[in-house]
Amino acid sequence: MTTLLIAEHDNASVKDATNKALTAAAAIGGEIHVLVAGSNAAAAAAEAAKLDGVAKVLHVDAPALEHGLAEPLAAVIVALAGPYDAIVAPSTSSGKNVLPRVAALLDVMQISDITAVVAPDTFERPIYAGNAIQTVKSGDAKKVITVRTASFKSAGASGSAPVETVSAAADPALSTFVGEALSESDRPELTSAKIIVSGGRALGSAEKFKDVVIPLADKLGAAVGASRAAVDAGYAPNDWQVGQTGKVVAPDLYVALGISGAIQHLAGMKDSKVIVAINKDEEAPIFQVADYGLVGDIFEIVPELTKAL
Amino acid sequence: MKILVPVKRVVDYNVKIRVKPDGSGVDLANVKMSMNPFDEIAVEEALRLKEAGKATEVVAVSIGPAQAQETLRTALAMGADRGILVQVDGTVEPLAVAKILKGIVAEEAPGLVVLGKQAIDDDCNQTGQMLAALLGWPQGTFASKVALAEGTVDVTREVDGGLQTVSLKLPAIVTTDLRLNEPRYASLPNIMKAKKKPLDVKSPADYGVDVTPRLTVVKTAEPKGRTAGVKVASVADLVMKLKTEAGVL
Ligand SMILES: Cc1cc2nc3c(=O)[nH]c(=O)nc-3n(C[C@H](O)[C@H](O)[C@H](O)COP(=O)(O)OP(=O)(O)OC[C@H]3O[C@@H](n4cnc5c(N)ncnc54)[C@H](O)[C@@H]3O)c2cc1C
């Protein structure tokens, strides 16, 4: 049995999501090859070669692959898919975008967002915003799988696998990259941070979000998250959203400030090790999952907490 | 240009579902059902494109049980022109849904198919991408902005690091994210009018699609529970507990 793991990378380096998906791939068993498809991505391929337990890195380089567009990337994966028993990618926005396209081209029903490997053909995955966990067994000859990264530890990087250069499949030329607006920050990434401080609708404005949430996050060296309500209202950028339809996180410490704890928000953070909630409504559902709850006004408590640390 | 909008009947997003004690699934008896919220956003986007004179007809399609007619009527009440129900009981996996939609696309020849990015019941996030694959069309997933031009559509996508904009050749697939628009409510007169709008009923066999699931559900379980912890009285108390008891600071 051989698995092809699709690396998440930015051409220069491999993202931690790859290390986590690798742990899931290792649990499936067999030999693991990692695909680094990009443009001028030799550095990322070299980094992938260090991942523990990888037998080989396939490096595909073409200008059309620079931004990971689904159409050319799916064509590359499908062209390589033949000998593999499983194709695995982290459940990042890129993995979610490209892998179902691959699955359909291979006539396979994808298994999305697995949280555990029960057997090489059987997996656990959350449904209904994580309010139920389904165990599913795939009858397809090939398995196409995306991995919920919050459920797996990062694999180490002390190996040295060979890198093989493979030519790219033709770009179907259906789409072109126009531009991107990526948030720049020195903070840890949400999906790999040890501590996350999240703000909700209660913040009331982008300024207050900046004045109240950010200093606490800075003090803790934390990543910053937000509820959908805070993002919709423009207090925080979209890539900070935690939840069923945002990012799923499981840090050591999650601090929820002025977040009510809707099912859809809990879906993204309830596997955190320790949860702290600060909310003025003592009946707020967030307290049902919080290890430590503090009832009160965030505008008084949070600055005090920031100072106390 | 015609726009096709697939809509799914799912458990309402406000309902806290219950897992059946015997592990055989989720209890759906007497549970409120609604249109998948992302599909409402898809319907809204299609209607706005029609209202802007960029589309001529909005066709809603649902694949599901007889009651999915209600979901289609909701889409018609919002303003879609006609509906197609592909009636089938039991689970239809995204791959089979995409195959049925491919058959409908062959008949209807839309210039754009707008779908929700995921259904909030199975949380699969697959159908749009699969349909794009089967049709050999480009895909703009997780859209927060759609700008239709002559022969192309620019889609701004919500990605992990922020936003990405791609330009797709038409015909194309778009899947909606939460911030694309705010769906309208259907007015009472429009709900009445929707009852008279045409709604065709078909079967998967009409499109030659075998809907037998590829995945077997071995069991469905409650997630690991989390119990409420303690309320602390003060900031000092909180800091102390985080340091000593929880050991996370
Ligand atoms: C399809 C769908 C997908 C969704 N996906 C997501 C998702 O991924 N992530 C997500 O977060 N949501 C998601 N939602 C939205 C979700 O249902 C809630 O609406 C949202 O999480 C609420 O955000 P909030 O807790 O910030 O706001 P609210 O629910 O309005 O809560 C604000 C809280 O702040 C408290 N508060 C107010 N003022 C103060 C103060 N001064 N001090 C202390 N506390 C105060 C209030 O008591 C209240 O509990 C989704 C919804 C749908 C329909």
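The values are calculated or read from the model by the stated rules, or taken from the named source; none is laboratory data. Keep in mind it's a predicted model, so treat the numbers as computed, not measured. All Cβ positions, even for glycine, are placed from backbone atoms using ideal geometry, and neighbour counts span all protein chains on display. For the accessible areas, the whole protein counts, side chains as well, though only heavy atoms, and no ligand, DNA or RNA atoms are used. Shrake-Rupley method; radii C 1.70, N 1.55, O 1.52, S 1.80 Å.
Assorted remarks:
- Averaged over A:107-118, number of beta-carbon atoms from partner chains that fall within 10 Å: 4
- Close amide H pairs (under 5 Å, H built 1.01 Å from N) link A:His9 with A:Lys15, residues at least 5 positions away or on another chain.
- The fraction of accessible area contributed by carbon and sulfur in region B:99-249 is 55 percent, rounded to a whole number (1.4 Å probe; ligands and nucleic acids excluded).
- Highest-fluctuation residue, B:Gly140, B:Gly103, B:Gly64 considered, GNM on chain B with Cα pairs under 10 Å: B:Gly103
- Average accessible surface area per residue within region B:9-48, 1.4 Å rolling probe, Å²: 49 Å²
- Distant-in-sequence amide contacts of B:Thr175, defined by a placed amide H-H separation under 5 Å and a gap of 5 or more residues or a different chain, comprise B:Leu115, B:Gly140, B:Thr141, B:Phe142, B:Ala143.
- Label-to-label distance for A:Asp281 and B:Glu150 is 5.2 nm, based on points extended 7 Å past Cα in the beta-carbon direction.
- Peptides ranked, highest mean first, by Cβ atoms within 10 Å: ranges A:270-281, B:141-152: A:270-281, B:141-152
- Whole-number percent relative contact order across chain A, with pairs defined as alpha carbons under 8 Å at least 6 apart: 15 percent
- Cα-based shape type of region A:190-308, given that a ≥ b ≥ c are square roots of the gyration tensor eigenvalues and the cut on a/c is 1.5: rounded
- Across all Cα pairs in region A:2-166, the calculated P(r) in 10 Å bins from zero up to the longest distance comes to 12, 44, 36, 8, 0 percent per bin.
- Listing of region A:64-104 residues, each with accessible area lower by at least 50 Å² in the full protein assembly than in the chain alone (probe 1.4 Å): A:Ser93, A:Lys96, A:Asn97, A:Pro100, A:Arg101, A:Ala104
- For region A:78-106 and region B:170-249, distance of Cα centres in Å: 23 Å
- Residue-normalised accessible area of region A:177-309, given per residue in Å² at a 1.4 Å probe: 42 Å²
- Under Karplus coefficients 6.51, -1.76 and 1.60, residue-wise ³J(HN,Hα) of region A:289-300 in Hz, glycine/proline x: 10, 7, 6, 10, x, 10, 8, x, 7, 4, 5, 8
- Alpha-carbon radius of gyration plus Dmax, which is the widest Cα pair, for the protein assembly as shown in Å: 23.2, 68
- Gyration tensor (alpha-carbon) shape descriptor, region A:41-121, a/c threshold 1.5: oblate
- Only beta bridges with both residues in the protein assembly as shown are counted; by DSSP, about 35 percent of them are antiparallel.
- Residue-count net charge about B:Asp27 - beta-carbon cut-off 15 Å; Lys, Arg +1, Asp, Glu -1: +1
- Sorting A:143-154, B:162-173 by their mean Cβ neighbour count within 10 Å, with the most densely packed peptide first, gives A:143-154, B:162-173.
- Between the alpha-carbon centres of region A:1-76 and region B:5-72 there is a gap of 36 Å.
- The accessible surface of chain A, taken with every protein chain in place and a 1.4 Å probe, is 50 percent carbon and sulfur.
- Positive minus negative residues near A:Lys143 (Lys, Arg vs Asp, Glu; Cβ under 12 Å): 0
- Listed residue pairs exceeding 29 Å between alpha carbons, taken from A:Lys96/B:Lys16; A:Lys153/B:Lys20; A:Lys50/A:Lys219; A:Lys194/B:Lys20; A:Lys20/B:Lys224: A:Lys153/B:Lys20; A:Lys50/A:Lys219; A:Lys194/B:Lys20
- Listed values for region A:197-214 are Karplus-derived 3J(HN,Hα) couplings in whole Hz (6.51 cos²θ - 1.76 cosθ + 1.60, θ = phi - 60°), namely 10, 10, x, x, 4, 4, 5, x, 6, 4, 5, 5, 4, 5, 7, 9, 7, 4, and x replaces Gly and Pro.
- Averaged over A:168-180, number of beta-carbon atoms from partner chains that fall within 10 Å: 5
- Angstrom value of the Kirkwood radius, inverse mean 1/r, which spans all Cα pairs in region A:170-230: 13.7 Å
- Simple spin-label estimate for B:Glu70 and A:Glu300 gives 4.7 nm between the two label positions (7 Å along the Cα-to-Cβ direction from each Cα).
- Lys, Arg +1 and Asp, Glu -1 on Cβ, resulting dipole of region A:2-166 about Cα centre, debye, nearest 20: 360 debye
- Over region B:104-249: Rg over Rh, Cα atoms, Kirkwood Rh: 1.15
- Stokes-Einstein D (µm²/s) once Rh is taken as the Kirkwood radius of chain A over alpha-carbon pairs, at 20 °C in 1.002 mPa s: 105 µm²/s
- Peptide B:15-23 shows a mean partner chain C-beta count of 3 within 10 Å per residue C-beta.
- Contour excess over end-to-end distance, with Cα ends at B:Gln87 and B:Glu108 and 0.36 nm allotted per residue: 5.8 nm
- Check: the protein assembly as shown dipole with +1 on Lys, Arg Cβ and -1 on Asp, Glu Cβ, in debye: 920 debye
- Angstrom value of the Kirkwood radius, inverse mean 1/r, which spans all Cα pairs in chain B: 19.8 Å
- As a length-normalised measure over Cα pairs under 8 Å and 6 or more apart, the relative contact order of chain B settles at 23 percent.
- Simple spin-label estimate for B:Asp210 and B:Thr244 gives 6.6 nm between the two label positions (7 Å along the Cα-to-Cβ direction from each Cα).
- Interface size, chains B and A: roughly 6600 Å² of accessible area buried, both sides included, 1.4 Å probe, rounded to the nearest 100.
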